[in-house]
Every structure is written in C-alpha cells, then in structure tokens.
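In what follows, a single structure is set out as structure tokens and then discussed.
The values are calculated or read from the model by the stated rules, or taken from the named source; none is laboratory data. The model shown is predicted, which means the values in this text are computed figures rather than measured ones. Note: ideal-geometry Cβ built from the backbone for every residue, glycine included; neighbour counts use all protein chains shown. The accessibility values were calculated without ligands, DNA or RNA, using every heavy atom of the protein model including side chains. Shrake-Rupley method; radii C 1.70, N 1.55, O 1.52, S 1.80 Å.
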Amino acid sequence: MTKFIHTADLHIDSPLRGLAVRDEAMMRRVQRATRTALERIVDLAIEQQVEFILIAGDLFDGDWKDMHSGQWVAGQFRRLADADIGVYYIRGNHDAVSQIQRKIRWPDNVVELPHDDPATITLEDIGVAIHGQGFADREVMIDLAAKYPQRIGGMFNVAMLHTSLTGSEHHDTYAPTTIETLRGRGYDYWALGHIHLRNLEPLSTEPYVAYSGNPQGRHIREPGAKGCLIAEIEGDSLKDVTFHSTDSLRWQELVLDVSQETSLEGVLAQASSAIQAGHAQHQGLGSAFRLTFCGATKVHQQLSDLIKRNEVLLEIHNTAEAIDDEIWIEKIRFETQPESHGMFQDTHDLWGSISQQFDKVQADTEATKQLEELVKPVLDKVSAQHITLSDDGTLDERMPQWITAAEELLRSRLGAANE
C-alpha cells in the first residue's frame, strides 16, 4: 500500500485578518497558525509513512519580506528528507514565478514542476506518475489542463493543478477548465488547489477529483475544520481518501436570534452559552468567533444605544476570555430590529417624509456617491470592532446595507421618543 498527502494553499506567513485581539503575545500565536499547519502536515506525513506530498499551489502568500520564510519552510522539508519523503509542488497565483522574487535552495527531496509547460515525473519504484504545471504569472487565464500529457500505462497517474475550474463566487478565475477536460487526460487522481473550501465529497470519483482546501482558515469566510487529504493506492488503483485536520485555530460565525430576550442580561447569557458550546466543538483548538445578533426584540433600542452597545461588547470579550484564553472574538454585529413598528402610527407623517428621503438617496446614483465621499473619512477613524455593519466587499457594495441600518436606527430612536 502506497500513501501520499494532497495539500494546497498553505499561504505561509499570511496574516490572519480581523481578530480584535488586545494582547501582542496572543496575536503572535495566532499569526503563527499557517506555520503550525505545515508542521502538522509534516508530522502527519512522518507518522503515516507516506511516500510523498503534493502541494498544488500557493505554498506562500506572496513575495517574502526577507529570507526567513523560505528558510523556515526549507527546514520543514528537511524533516521530510530525513524520513525519505518526497515533496512535489507547483506554483499558484500567490506564489507565481513573477510574484516570488527571492530564491532559495531546496533540499534534494523537493521538486518544483515547471511553469512554462506541463511535466511528468515518474517514480518507478512505487509505480506512480506525477503530472503538473505551475503559474508563471499571477493571472493565468488559459486552460492548462488541456495541455497535460496522456496517462502513462501501468502506473498510478496523479496530477496537480491550481485552478478555479468553471468559476467560484469567492475566488478569482484562474486556469479555468472543466471536469470533462480532466477526465480526458485519463489520470487516476487530480489534486486541485486554489479553492479554499474542501469538498466533502469529491467532484468526481473516476477519476478522483478534489480540492483539499487550505490547511488553516485565515478569516471568517474560511470556517470549519481545515486540513489535508491522505490517499492510499494499491498498484494503479485508488483505495481510499481520508481527511486529516491540521488547523490550530478554527473560525465560526454564531448567529444569535434574540427575539425572545427581554433584557441585556438575557442577550449576554445567550452569547456566553453559544461561545462555550462552539468552543467545545473545536476539541481543544483555538476558536475565533463572529457573533451576529438578529431578530425583532424588546432590547433593540438598548442594543442601538452606543453606550449600552459598548458595554455589551466589553462584556462579551471578558466572557470569552473567562471561558478559555484560546478564544478570540473576531467581530460582533448587531442586526436586530424593533419588536413592532406600530409605535410609529402617531408619527406617521414625519416618518413617511423621512422614509421618502432614504428612498430618494438609494435611487439616485449621484446622491449615493456623494454619501460615500462623506462616509470614507469617518470609516478611517472608527475602530473596526465598533462598526456593526458589514465590512465585506467594496464601499459601494456596502452602502445599501448601511443606509438600511441607518433607517432602522432612526426608526428605533423615533419610537423611543414616542413612548
């Protein structure tokens, strides 16, 4: 039985964005997470006695600030060399030849497949052929897979490709191709990289086509368990593929419906329970949570008050630290609504006039652009953890949501004044 590891998108030394941590020592531990993932992959390879590791692009996140990143990775590869484990990798869009300017001498067990044409490496002693081609430039818009050679008979054929396939909502389109094109090469296994979400089921079973996902989530849009795949082959047949987690920090969004809560104490108690339960699911790993409060609730007015809101923010951070010092709060968002809009009947004419102004702004492109210019300098001065609206996407993509939130906030203030 022969085993190999399929991994990709390690993004070594990539910063983990968005953590509102206030302790520098804690931040350093969090920032080391991508290195810890590679260490765990190496540990796993040695423990499982795999023959080789495939890295399907984006070993690094971009050009190194200094040589330390490359030297550290080379040290991990030497651990594999000592265990007689080979490393075969291709460049992706982040570590394309044009992106990484510095060069380092890898140990002899490491082979980088070329970026100008596809190449094949044959491992005669174990009957495996490895095919692949890396990225010369960050933006590769052609179908690289279409040029890969046909399979080598009598061997297990595995190929590496950094690709978006037919496209992905959360990833740029690079080296586009189709499952049909991959099948046409006649290989047994396609080790894909670029998409950070691991397939719970393979994209294809004959041949086996899968993304391993990245071995360490880097932000809230990369939640859940992260790791690598171990494939077992016998002769020229694939016997099994299993997932092994390698992450040290796990991201999770907790959406809390507080529509039944009647006090801030109830809101805080619900948050505490959710944090504790979520952290327990991560089985000893660090946890990074984003909390989103939602629902039509009696406490909406209190949660809309900046002073009360800041008290809630501080209390949740303190609660998380009390549960475990391996818990971080990435962000807290408030998307609640007033329990009833009936309170506005007495101010119907006033609110109707205000509401019309909101509608006019959203319908007028020029007015929205002017509003964006007013918002930009404010955003530069406000702490990210106190912004309760989405910071995903461009400013013009966020403005409609912010206008709606401003409308709700004003509505709740008018309601409080009318009580």
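Structure values in brief
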{"read-out": "Among (1) surrounded by fewer than 21 Cβ atoms within 10 Å (Cβ to Cβ); (2) modelled with pLDDT under 95 - the single one K3 does not satisfy", "value": "(2)"}
{"read-out": "Close pairs from the stretch 95-107: first on the phi > 0 side of the Ramachandran plot, partner surrounded by 12 or more Cβ atoms within 10 Å (Cβ to Cβ), Cβ under 9 Å, at least 6 apart", "value": "none"}
{"read-out": "Selection count, the stretch 128-157, where residues are among the β-branched types (V, I, T) and part of a loop (DSSP other than H, G, I, E, B)", "value": "3"}
{"read-out": "Lone unmet requirement of (1) at pLDDT below 95; (2) open to solvent by 10 Å² or more (accessible area, probe 1.4 Å); (3) in contact with a Leu (Cβ under 7 Å, 6 or more places away or on another chain) for I12", "value": "(2)"}
{"read-out": "Members of the stretch 97-109 found to be open to solvent by less than 30 Å² (accessible area, probe 1.4 Å) and modelled with pLDDT of 95 or more, listed by number", "value": "P107, N109"}
{"read-out": "Residue match in the stretch 264-272 (condition: modelled with pLDDT of 95 or more and surrounded by fewer than 14 Cβ atoms within 10 Å (Cβ to Cβ))", "value": "yes"}
{"read-out": "Given (1) in a loop (DSSP other than H, G, I, E, B); (2) open to solvent by less than 40 Å² (accessible area, probe 1.4 Å); (3) modelled with pLDDT of 95 or more, index of the condition M160 fails", "value": "(1)"}
{"read-out": "Every residue from the stretch 50-91 that is open to solvent by 50 Å² or more (accessible area, probe 1.4 Å) and closer than 17 Å to A231 by Cβ", "value": "E51"}
{"read-out": "Condition met for A280 (under 21 Å from G224 (Cβ atoms) and open to solvent by 30 Å² or more (accessible area, probe 1.4 Å))", "value": "yes"}
{"read-out": "When residues of the stretch 66-117 are limited to those that are out of contact with any Asp or Glu (no Cβ under 7 Å at 6 or more places or on another chain) and of a type in the set (D, E), the one nearest to A145 (Cα to Cα)", "value": "D117"}
{"read-out": "Residues of the stretch 289-304 classified as among the hydrophobic types (A, V, I, L, M, F, W, C) and open to solvent by 30 Å² or more (accessible area, probe 1.4 Å), total", "value": "2"}
{"read-out": "In the stretch 36-84, the residues that are within 25 Å of the chain's Cα centre (by Cα) and on the phi > 0 side of the Ramachandran plot", "value": "G57, D58, G62"}
{"read-out": "Counted residues, the stretch 259-302 - those being closer than 15 Å to I316 by Cα and within 21 Å of the chain's Cα centre (by Cα)", "value": "9"}
{"read-out": "Sole exception among (1) open to solvent by less than 10 Å² (accessible area, probe 1.4 Å); (2) modelled with pLDDT of 95 or more for G286, by number", "value": "(2)"}
{"read-out": "Options V30, V50, V73; residue that is more than 30 Å from T173 (Cα to Cα) and in contact (Cβ under 8 Å) with a residue 40 or more places away in the chain", "value": "V50"}
{"read-out": "Sole residue being open to solvent by 10 Å² or more (accessible area, probe 1.4 Å), under 27 Å from V241 (Cα atoms) and touching a Lys or Arg at 6+ places or on another chain (Cβ under 8 Å), chosen from E112, E47, E39, E124", "value": "E112"}
{"read-out": "Residues satisfying the stated conditions in the stretch 139-153, i.e. open to solvent by less than 50 Å² (accessible area, probe 1.4 Å) and touching a strand residue (DSSP E or B) at 6+ places or on another chain (Cβ under 9 Å)", "value": "V140, L144, A145, Y148, P149"}
{"read-out": "Residues located in the stretch 189-232, provided they are over 20 Å from the mean Cα position of the chain (by Cα) and open to solvent by less than 20 Å² (accessible area, probe 1.4 Å)", "value": "Y189, W190, S204, P207, V209, I230, A231"}
